[in-house]
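For reference, the structure is listed below as structure tokens.
The values are calculated or read from the model by the stated rules, or taken from the named source; none is laboratory data. Predicted model only: the values in this text are computed from it and were never measured. For neighbour counting, all protein chains shown are included, and Cβ atoms are generated from backbone atoms with ideal geometry for every residue, glycine included.
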Amino acid sequence: MATISKLAISSPASSLSSSSSSRSRSLPPNSILHLGHPRNGSLPKLAASRLFLQNDRPLNGSLVVRCSQSSGNGSPLKRTTLHDLYERQGQSPWYDNLCRPVTDLIPLIESGVRGVTSNPAIFQKAISSSNAYNDQFRELVQSGKDIEAAYWELVVKDIQDACKLFEPIYDQTDGGDGYVSVEVSPRLADDTNGTIEAAKWLHKVVDRPNVYIKIPATAPCIPSIKEVISYGISVNVTLIFSLSRYEAVIDAYLDGLEASGLDDLSRVTSVASFFVSRVDTLIDKLLEQIGTPEALDLRGKAAVAQAALAYQLYQKKFSGPRWEALVKKGAKKQRLLWASTSVKNPAYPDTLYVAPLIGPDTVSTMPDQALQAFIDHGSVARTIDSNVSEAEGIYSALEKLGIDWGYVGNQLEVEGVDSFKKSFDSLLDTLQEKANSLKIVSL
């Protein structure tokens, strides 16, 4: 596999619209993780926003990484564990965040990041905490766009610009990597047909080969996934919290490929976003309520165990006659993507949801905390199936204690959808207030 550092990323900053650079002077106070300057001469200088790696401690200490408007030259970028993760173990490290200016992603790409995921909560934080969107927002509403339509135009621009930056990775891997994900409205989580139409619309307006349309793995949206895949649209299925729902997601992908009627399936790809840390957050609470030594000893072990079993399911489902028939048409496996990889309990190791889940043909999407930690002191080795029997034992032990995995999955799904809806509604309220403060005629 070629290294990221050798990719020819030709002037990605100049390929973005001039309006993007004009808005790059105001950054969110705590927006995005950046890991260093590009190598001198390998990428264009970004006058408005330069990025740097601030090493306040020795190399084995905690990384402090921030957005910067410094125009200094910085230090040459070195290889990171992210390059090793992909080249040695076949796992793609993605970044779980996005904000303006998207050119701030350039050092991340050189550091080994191979894709980006976004969600309503990420855009709520990015847009509400930054002035970088004001100019475009003002123009949109003054042109007659309502608040929600304006929101989608802000989002689409960020996604398009990010897709441009990752396009060299997409091209070099023949569509295997380099994706940017954007989610349909969380208000549609219970609307099968509405989700299908929203996915088709987003795919059309973004109009980039390396965009993933995110669809939640709610029961009403499982048929949506099949339908959208059958149209030849690549999908990131999100909010998967249980093995049973994950199997339904795989089946929807396979059903969609078979229903597509396409002779060449090589450009229809998908990832299944299996959430991890939130599983421990909920199950740990249940174990503490049980309170026995056996129960307390299982805290912090449920999420990784279930994820290891999900990988076993992945290997089983993407083998055999049914899958081989699709491979003959160019079909690619729906990769498992580990989501929610930041540690919620500070008592746990900060790479708990990254280091034990390393395996080929998978993706790990990491927010700032997890990415910093893994680059600083993460180790690269195949771990996802290193002890399947232990994972099975933990899973069964939790069941014997009365942990209902079906309840856990359903509860986390409800919480996840609700959280995204609140973020979405909050952002629309913020934009309405911003429109009012700018004395713009709004809804």
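Among the candidates Ser242, Ser230, single out the residue that is within 22 Å of the chain's Cα centre (by Cα) and of a type in the set (S, T, N, Q).
Residue meeting the stated conditions: Ser242.
Check off (1) closer than 14 Å to Gln334 by Cβ; (2) outside any loop (DSSP other than H, G, I, E, B); (3) in contact with a helix residue (DSSP H, G or I) (Cβ under 6 Å, 6 or more places away or on another chain) for Lys214 and give me the number that stays unchecked.
(3)
If we keep just the residues of the stretch 252-276 that are without any contact (Cβ under 8 Å) to a residue 40 or more places away in the chain and not in a loop (DSSP other than H, G, I, E, B), which is surrounded by the fewest Cβ atoms within 10 Å (Cβ to Cβ)?
Ala259
The conditions are (1) in a loop (DSSP other than H, G, I, E, B); (2) within 21 Å of the chain's Cα centre (by Cα), and Ser379 fails exactly one of them. Which is it?
With (1) in a loop (DSSP other than H, G, I, E, B); (2) within 21 Å of the chain's Cα centre (by Cα) applied to Ser379, the lone miss is (2).
Can you name the number of the only condition in (1) touching a Ser or Thr at 6+ places or on another chain (Cβ under 6 Å); (2) within 14 Å of Ile225 (Cα to Cα); (3) not charged (D, E, K, R) that His203 fails?
Every listed condition holds for His203 apart from (1).
State the number of residues belonging to the stretch 407-443 that are surrounded by fewer than 12 Cβ atoms within 10 Å (Cβ to Cβ) and over 24 Å from Glu183 (Cα atoms).
4
Quick check: is even one residue across the stretch 306-317 touching a residue at least 24 places away in the same chain (Cβ under 8 Å) and more than 19 Å from Glu390 (Cβ to Cβ)?
Within the stretch 306-317 (the criterion being touching a residue at least 24 places away in the same chain (Cβ under 8 Å) and more than 19 Å from Glu390 (Cβ to Cβ)), the answer is yes, since at least one residue qualifies.
Please find, within the stretch 163-210, the residue that is nearest to the chain's Cα centre (by Cα) out of those that are of a type in the set (D, E, K, R), outside any strand (DSSP E or B) and under 25 Å from Thr103 (Cβ atoms).
Only one residue tops the list, namely Asp177.
Only one of Ala397, Ala381 is among the aliphatic types (A, V, I, L, M), at pLDDT 95 or above, out of contact with any helix residue (DSSP H, G or I) (no Cβ under 6 Å at 6 or more places or on another chain) and closer than 30 Å to Ser111 by Cβ. Can you tell me which?
Criteria check complete, one pass: Ala381.
For the stretch 352-376, enumerate the residues that are assigned to a loop (DSSP other than H, G, I, E, B) and either more than 21 Å from the chain's Cα centre (by Cα) or crowded, with 19+ Cβ neighbours inside 10 Å (or both).
Leu352, Tyr353, Val354, Ile358, Gly359
Tell me which helices (runs of 4 or more DSSP H) are completely within the stretch 82-162 and hold 1 or more residues being in contact (Cβ under 8 Å) with a residue 40 or more places away in the chain and surrounded by fewer than 18 Cβ atoms within 10 Å (Cβ to Cβ), or say none if there are none.
In the stretch 82-162, the matching helices (runs of 4 or more DSSP H) lie at 120-128, 134-142.
Suppose the filter is surrounded by fewer than 22 Cβ atoms within 10 Å (Cβ to Cβ), assigned to a helix (DSSP H, G or I) and either of a type outside the set (Gly, Ala, Ser) or without any contact (Cβ under 8 Å) to a residue 12 or more places away in the chain (or both); does Tyr348 pass it?
Spelling it out, it is not the case that Tyr348 is surrounded by fewer than 22 Cβ atoms within 10 Å (Cβ to Cβ), assigned to a helix (DSSP H, G or I) and either of a type outside the set (Gly, Ala, Ser) or without any contact (Cβ under 8 Å) to a residue 12 or more places away in the chain (or both).
Among residues belonging to the stretch 397-409 that are in a helix (DSSP H, G or I) and without any contact (Cβ under 8 Å) to a residue 60 or more places away in the chain, point out the one that is farthest from Leu239 (Cα to Cα).
Lys400
Suppose we filter Ile222, Ile233 for residues that are aliphatic (A, V, I, L, M) and under 18 Å from Lys332 (Cα atoms); which single one remains?
Ile233
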